[in-house]
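The values are calculated or read from the model by the stated rules, or taken from the named source; none is laboratory data. Keep in mind it's a predicted model, so treat the numbers as computed, not measured. Heads up, the Cβs are rebuilt from the backbone with ideal geometry, glycines too, and the neighbour counts pull from every protein chain shown. Protein only, heavy atoms only, side chains kept; ligands, DNA and RNA dropped before computing areas. Shrake-Rupley method; radii C 1.70, N 1.55, O 1.52, S 1.80 Å.
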Amino acid sequence: MAIRDVLRMGDPRLLAPARPVGDFGSPELAQLIVDMHDTMRALNGAGLAAPQIGVGLQVVMFEVNVDPRQLNPRYPDAESVPFTVLINPVLTPLSDEMETDWEGCLSVPGMRGRVPRHVALRYQGHDAAGRPIDRSVSGFHARVVQHEVDHLNGILYPMRIRDLRDFGFTDVLFPGQHLQDD
Ligand code: NI
């Protein structure tokens, strides 16, 4: 078990485009995925991208469990998203429809912003063993994927906020809701 430090906004490593993974099944890739999973779980993140722990590879993971015995306290109203490791992802929007909603990020702790995202998209890529993944999703699932894949292109969600009045500290925006810091 290795919980890694998550880089915070301002670190130039978060702005660098990530490289594709070429060697599936390597011990290094397996260890990276274990470390990312441990880190995401420890911080109650809905997702994590490899650049957030300083690794410039196209690897993201996400999971939202709405089982009440294992609720994600950062996203209490989110729909369930199965744990997914997505490598070398390609996103294709399924319509022009956009939806603006709140997001947070482990690299921008203590804050939330309202971000426009495609409502529905197809995502393709590979899992940790190199098997193909091809899913068409919508809603929160689609939002999480877009947020994580943005990290692989050096984009943090505040860069996508259209009106900075839609950006603020979590405990001020949502007083009394006891959302976690980040
Ligand atoms: Ni993030």
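General remarks:
- Chain lengthening between Ile133 and Asp166 when straightened (0.36 nm per residue, less Cα-Cα): 8.5 nm
- Inter-probe distance in nm under a simple model that places probes 7 Å from Cα toward Cβ, at Met159 and Leu43: 1.8 nm
- Nearest-0.05 FRET efficiency for Leu91 and Ala16, computed from C-beta distance (R0 30 Å): 0.95
- Using the alpha carbons alone, the radius of gyration of the chain stands to its Kirkwood radius in an Rg to Rh ratio of 0.94.
- Taking all protein chains into account, the per residue accessible area for the range 12-173 stands at 46 Å² (1.4 Å probe).
- Of the solvent-accessible surface of the chain, computed with a 1.4 Å probe over protein heavy atoms with every protein chain present, carbon and sulfur atoms account for 51 percent.
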